[in-house]
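The values are calculated or read from the model by the stated rules, or taken from the named source; none is laboratory data. Given the structure is predicted, the values throughout are model-derived calculations rather than measurements. Every residue, glycine among them, receives a Cβ derived from its backbone with ideal geometry; neighbour counts consider all protein chains shown.
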Amino acid sequence: MKKNYLKRVISGAMAVAIIAVSLTGCAKTGDKTGTQTGSNDTKEAASDKPDTWIADRTITVQAYVDDIGYSLPKDINNTAVMKELTERTGIKLDVQYSPGDSDETVMASQLASGTIPDVIVTYLDNSTRPEFALLLKAAQEEMFADVAPFMEDSEVYSRYLEEGYLPNDARKNITFRDEFDGAAYLLQLSIPAVDRSLEYNPEDAYIGGMYIQKSIAEDLGIDSTEINTQEQFYDLLVQIKQGGFKDDNGNDVYPLGPKYWGGSPDALKYIVPGYNWGVSDGYNITEDGTVKHEAETDYVYDKINYVRKLLAEGLMNPEFFTMDATRAGEVSKTHNSAIIADVHNYQDIVYESGDWVPLGPLNDITGGNAEIKSGKNGYGAWAISSEAERPEEIFKFFDYLATKEGQLLCQYGIEGENYTMVGGKPVLTEDTLQKLNEGDTDYLINNVGAAFGNSGCIFFGFMLTNLDPVQEFGESRPGAASSSTYKTAIEIAEKYPHTYRLVPGFDATVYLSADSMADVKSQMSLFDYKEMLVQAMFAPSDNDVKKIVEAFREQLKAAGNDKFKDYLKQLYEEDNTSINFYNK
């Protein structure tokens, strides 16, 4: 294994800072036993073992996923689920999580050290995430084992070899890159067994975006679903301001407040979709076939001026983009925001109170408001260290977790204790359902150790793939068909259904990873279009707005944007499903 990863990935100054994080950070582990990884006891030496037996060993896993880290059992090997897994496979686990400035920073530090444990697990919904650059370089530096030889005879991961099974991004850019010449180092997780991306299932629908106080909508006599244009939305904000509505503390409400989770320019996609021309991560194509970045069009000014108007007229909280998460949650809970810019039906403020209803959604540049889907996609990824002992055993274990039998155990727990089979489908027992409804995470995590649809030990839900829970288990997540906890969330999804529109292809910026675009990518990484928008929205004058936009346009050009646009046009002309452009 090459050991010069640190020199190639991170500058010297950054390396010192990042390594300091790893040395001072406190690692959380789900196995307190100290069991050594690896053992000489194998399936061949134990004829009395079940057919699912793999080996008597402990697999050490490093998770770069905060959701996993903060839901790890105190002793994962002493949970009911892990005891059953050990009984079936012989495997025990040591799952570790190291807090830091960010999961990406911790990953960079540990990869830079040149050694990793048996397995690493990370967020990776597509190859445009910042983690991918680190993972790709590590694969190129031979830090991960090639699992391609194990896939063909596997029960689940053999499906990754089927034509059309993996999303294009997962297949072309992550797992089976041309440069790997048939080797496979990174496996994306949570791949749907069947593409149901255009099927609307209220039990599984996350209705995100803007939510309005139900009482305000009723007082104004509006149907919140009929607010669909930028003009209608502006008029609504004016009505709210003129209505003299007060929050729980007697203060005037802001017609439009920030995201529930904290101020962010990400919420712009909900409040100005009619001006969001750069549909593919900032890029789109004109009717005559010209590729442009949104900043090169007048849409950038439409977007900026619309928000400047809202701010100038007091229709929008001035801390919309900057408010910290604690305060943003508080202004929502105290009803200081008449409209929350971004929340969803599975957030407790929505499903527990009944005070909020979805608003819109607003129309996009095509005049419709269908939610865009690109088809199948994954979530998360894992890799085996090239220095791990007997990597085929590790692969077999995670392949077993992804089988129907493994998924049932990982999600539902122990049959007879946590669920019973009714008509071939699992139904949670009354006691377990009560624990789920009461939010007794200590029981779900430390006693049972199952994921319960990410309400329990998230690790076991995160590590699954080939997913089709409605078909296999009769519901989208454990308890969805019988739990009272999310009853209101499902009712919202039933009452406010979304329509979907298929626009296949990757975000345009995926193609910055091409070798020929390396120089452009290094320059583009220095720019943040959303931050430029925010800066312009708060500029003191229209003349200052123009200066900010023009400066950004010049920066794009200097970075090689024309070269990148030519490349995108060539790709799109060769295959118009390669990039998710749309303009009609």
(request) Test residue 222 against the stated conditions and say whether it is part of a helix (DSSP H, G or I), touching a helix residue (DSSP H, G or I) at 6+ places or on another chain (Cβ under 9 Å) and hydrophobic (A, V, I, L, M, F, W, C). (result) no
(request) Within the range 389-440, track down each residue that is surrounded by fewer than 20 Cβ atoms within 10 Å (Cβ to Cβ) and part of a loop (DSSP other than H, G, I, E, B). (result) 389, 390, 403, 414, 416, 417, 423, 424, 429, 438, 439, 440
(request) Return yes or no: is residue 237 of a type in the set (A, V, I, L, M, F, W, C) and within 30 Å of residue 271 (Cβ to Cβ)? (result) yes
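Filter the helices (runs of 4 or more DSSP H) completely within the range 290-356 down to those with at least 1 residues that are modelled with pLDDT of 95 or more and closer than 30 Å to residue 204 by Cβ. Quick ask: steps written out before the conclusion?
Details: elements: 299-312, 325-333, 348-351.
Of the helices (runs of 4 or more DSSP H) lying wholly inside the range 290-356, those with at least 1 residues that are modelled with pLDDT of 95 or more and closer than 30 Å to residue 204 by Cβ span 325-333, 348-351.
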(request) Go through 534, 510 for me and flag whichever is at pLDDT 95 or above and either surrounded by 12 or more Cβ atoms within 10 Å (Cβ to Cβ) or part of a loop (DSSP other than H, G, I, E, B) (or both). (result) 534
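Looking for whichever is under 21 Å from residue 252 (Cα atoms), over 21 Å from the mean Cα position of the chain (by Cα) and of a type in the set (Val, Ile, Thr) here; the options are 366, 326. Which one fits? Reasoning before the result, please.
Details: 366 fails: under 21 Å from residue 252 (Cα atoms).
Result of the check over 366, 326: 326.
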(request) Look through 225, 175, 229 and report the one residue that is surrounded by 14 or more Cβ atoms within 10 Å (Cβ to Cβ), modelled with pLDDT of 95 or more and within 22 Å of the chain's Cα centre (by Cα). (result) 175
(request) Would you tally the residues in the range 107-137 being under 25 Å from residue 510 (Cα atoms), touching a strand residue (DSSP E or B) at 6+ places or on another chain (Cβ under 6 Å) and not in a loop (DSSP other than H, G, I, E, B)? (result) 5
(request) Could you please find all residues in the range 306-335 being free of Cβ contacts under 8 Å to residues at least 12 places away in the same chain and among the small types (Gly, Ala, Ser)? (result) 312
(message) Please go through the range 504-538 and give me each residue that is out of contact with any strand residue (DSSP E or B) (no Cβ under 6 Å at 6 or more places or on another chain), in contact (Cβ under 8 Å) with a residue 12 or more places away in the chain and small (Gly, Ala, Ser), ordered by number.
(response) 513, 514, 516, 536
(message) Anything in the range 80-101 that is of a type in the set (S, T, N, Q), crowded, with 18+ Cβ neighbours inside 10 Å and more than 27 Å from the chain's Cα centre (by Cα)? List them, or say none.
(response) 89
(request) Can you work out which of the residues in the range 279-305 that are free of Cβ contacts under 8 Å to residues at least 60 places away in the same chain and acidic (Asp, Glu) is surrounded by the most Cβ atoms within 10 Å (Cβ to Cβ)? (result) 302
(message) Can you find a residue that is buried (at least 17 other Cβ atoms within 10 Å of the Cβ), at pLDDT below 95, over 24 Å from residue 397 (Cα atoms) and in contact with a helix residue (DSSP H, G or I) (Cβ under 8 Å, 6 or more places away or on another chain) anywhere in the range 441-463?
(response) no
(message) Looking at the structure I just gave you, is residue 484 exposed (fewer than 14 other Cβ atoms within 10 Å of the Cβ), without any contact (Cβ under 8 Å) to a residue 24 or more places away in the chain and of a type in the set (Ser, Thr, Tyr)?
(response) no
(message) Condition (residue is under 26 Å from residue 496 (Cα atoms), modelled with pLDDT under 95, of a type outside the set (D, E, K, R) and loosely packed, with under 15 Cβ neighbours inside 10 Å) applied to the range 203-215: is it met by at least one residue?
(response) yes
(message) Going through 334, 326, 366 one at a time, which residue ends up being among the hydroxyl-bearing types (Ser, Thr, Tyr) and either crowded, with 19+ Cβ neighbours inside 10 Å or in contact with a Lys or Arg (Cβ under 9 Å, 6 or more places away or on another chain) (or both)?
(response) 366
(request) Collect the residues in the range 243-287 that are over 23 Å from residue 361 (Cα atoms), out of contact with any strand residue (DSSP E or B) (no Cβ under 9 Å at 6 or more places or on another chain) and modelled with pLDDT of 95 or more, keeping them in residue-number order. (result) 248, 249, 250, 251
